[in-house]
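Working notes, structure below.
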Amino acid sequence: MLTSSSSIFKRTASGPSCSRHTGVSIPQLETAVLRVLSDIDAAADRREVTLLGLIHLSAAFDCVDHLTERLQRLFVIRGNALAWISSFIQGRCQQVAYNGQLSTLMVLLFGVPQGSVLGPMLFLLYTAQLFDVITHFGLVGHSYADDTQVYISAAATSSSTVVQRFVSCVEMYTWMTNHP
C-alpha cells in the first residue's frame, strides 16, 4: 500500500508544469504566489503576454462527491483500502453549537472532514483530474489548498490560439466535474 500511495501522491502533487500545496503554511502560499509572478515576469521579459485564470473551489472540502468512484476509476483503489476510506467519509453527522444552543443533528451526504489528517490528501485525489487537463492543454497550473492559478504565456501574435486553448481547458474541466 505504501508504494501505491507514494506514486499516487507524486501523480497528484506535481507534474511537469503543475504544483500543488495543500497545507496552510504562509511560506508555502508565498512560494506559490512568487512562482506565478516569477513566471509571468519571465514571460514579459521575453515579450510574451500571459493569460491567467484563478479558480476557487468554494467550500471545496464540503463539495467532494463521488470520491470513492474516482478512487476506483483513476487510482485503482479497491478492497480494504477503499472500504476504509469510505468509512472515513460516509455516515457522518454534523451539529452546530451557537450561543449555548445545539442545532438539529444533520446527516452529511458528502464532503471530506475538515481538519483531518487525510482531508488534504483526499482532496488532492479528488481534484487530480484538474492537473491532467491543465497539462493536456499545455497550460501551467499552481494550486494552494482550494485556489488554483492556471496560466499560459505566448507571443501576442498567437493570442487567439492561446485563448482558445485556455477556454477549452476550462470547458473540459467543467464538463469532467459535472460527469464523475
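The values are calculated or read from the model by the stated rules, or taken from the named source; none is laboratory data. Everything numeric in this text was worked out from a predicted model, so none of it was measured. For neighbour counting, all protein chains shown are included, and Cβ atoms are generated from backbone atoms with ideal geometry for every residue, glycine included. Ligands, DNA and RNA are excluded from the accessible area calculation, which covers all protein heavy atoms including side chains. Shrake-Rupley method; radii C 1.70, N 1.55, O 1.52, S 1.80 Å.
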Exercise for the section: For the range 39-54, just list the computed ³J(HN,Hα) in residue order, Karplus coefficients 6.51, -1.76 and 1.60, θ = phi - 60°, integers in Hz, with x standing in for Gly and Pro. Expected result: 5, 5, 5, 4, 5, 4, 4, 8, 6, 9, 9, 10, 9, 10, x, 10
Fill in the blank from the handout: Scaled by the rule-of-thumb 2.2 N^0.38 Å, the alpha carbon Rg for the range 79-140 gives a ratio of 1.58
Handout entry: Heavy-atom accessible area ranking, 1.4 Å probe, most first, across His136, His66, His56
Key = His136, His56, His66
Practice task
Quickly work out the Phe110-to-Thr135 label distance, labels modelled 7 Å from Cα along the C-beta direction, and quote it in nm with one decimal.
Solution key: 2.5 nm
Completion exercise
With all protein chains in place and a 1.4 Å probe, Met121 shows an accessible area in Å² (nearest 10) of 60 Å²
Exercise for the section: Let me know the shape class of the range 37-147, please: from the alpha-carbon gyration tensor, a ≥ b ≥ c as square roots of the eigenvalues, rounded when a/c is under 1.5, otherwise prolate if a/b is greater than b/c, or oblate. Expected result: oblate
Completion exercise
The ³J(HN,Hα) series, computed from each phi in the range 161-171 with the Karplus coefficients 6.51, -1.76 and 1.60 at θ = phi - 60°, rounded to the nearest Hz and given as x for glycine or proline, is 5, 5, 4, 5, 5, 4, 4, 4, 4, 5, 5
Practice task
Would you tell me the accessible area of Glu48, worked out with a 1.4 angstrom probe on the heavy atoms of the protein chains, in Å² to the nearest 10?
Solution key: 50 Å²
